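Q: The structure follows.
The values are calculated or read from the model by the stated rules, or taken from the named source; none is laboratory data. Keep in mind it's a predicted model, so treat the numbers as computed, not measured. A quick note on method: Cβ atoms are made from the backbone with ideal geometry, for glycine too, and the neighbour counts reach across all protein chains shown. To get the accessible areas, we keep the full protein, side chains included, count just its heavy atoms, and leave off ligands, DNA and RNA. Shrake-Rupley method; radii C 1.70, N 1.55, O 1.52, S 1.80 Å.
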Amino acid sequence: MADSETLVQFGKNLVRIRKELGWSQEALGISSGIGRSYMSGIELGKRNIGLLNIVKLADTMGIKPSMLMDF
């Protein structure tokens with residue numbers, strides 16, 4: 001999988017999980033300490049999110065970080 005495809009797939013998976021758990025993009029960003037515009041970039045596959053931010057998002061949503069990587 002090419003790098004940009006990986007970012008897009010991660011973003012789509014994040015959106016799916018976020019919506020399944022009832023989080024808005026803004027609420028998840030605020031609760032995890034990640035800016036809304038940065039969150040938007042992650043979900044659109046335009047940002048290369050770091051490991052610590054993956055863990056922050058997972059902790060905020062109450063899931064294992066590996067769930068965000070399962071795409």
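Q: Which condition number in (1) surrounded by 17 or more Cβ atoms within 10 Å (Cβ to Cβ); (2) modelled with pLDDT of 95 or more is the one that Ser24 fails?
A: (1)
Q: Okay, moving on. Among the numbered conditions (1) open to solvent by 40 Å² or more (accessible area, probe 1.4 Å); (2) at pLDDT 95 or above, tell me where Arg36 comes up short.
A: (2)
Q: List pairs: first in segment 5-19 and without any contact (Cβ under 8 Å) to a residue 40 or more places away in the chain, second open to solvent by 40 Å² or more (accessible area, probe 1.4 Å), Cβ under 7 Å, 6+ apart or cross-chain?
A: Qualifying pairs under 7 Å: Gly11/Leu44.
Q: Moving on to the next point. Any residue that is in contact with a helix residue (DSSP H, G or I) (Cβ under 7 Å, 6 or more places away or on another chain), under 17 Å from Phe71 (Cα atoms) and not polar (S, T, N, Q) - is there at least one of those in segment 25-43?
A: The answer is yes; a qualifying residue exists.
Q: Restricted to segment 40-71, and to residues that are open to solvent by less than 100 Å² (accessible area, probe 1.4 Å) and among the charged types (D, E, K, R), which residue is nearest to the chain's Cα centre (by Cα)?
A: That would be Glu43.
Q: Considering (1) open to solvent by 50 Å² or more (accessible area, probe 1.4 Å); (2) modelled with pLDDT of 95 or more, say which one Phe10 fails and leave the rest.
A: The number of the failed condition is (1).
Q: Name the pairs: first residue in segment 21-48 and under 19 Å from Ser4 (Cβ atoms), second residue open to solvent by 70 Å² or more (accessible area, probe 1.4 Å), Cβ to Cβ under 7 Å, at least 6 apart or on different chains?
A: Qualifying pairs under 7 Å: Tyr38/Arg47; Gly41/Arg47; Gly45/Ser4.
Q: Then there is this: Anything in segment 54-65 that is closer than 20 Å to Asp3 by Cα and touching a Ser or Thr at 6+ places or on another chain (Cβ under 8 Å)? List them, or say none.
A: none
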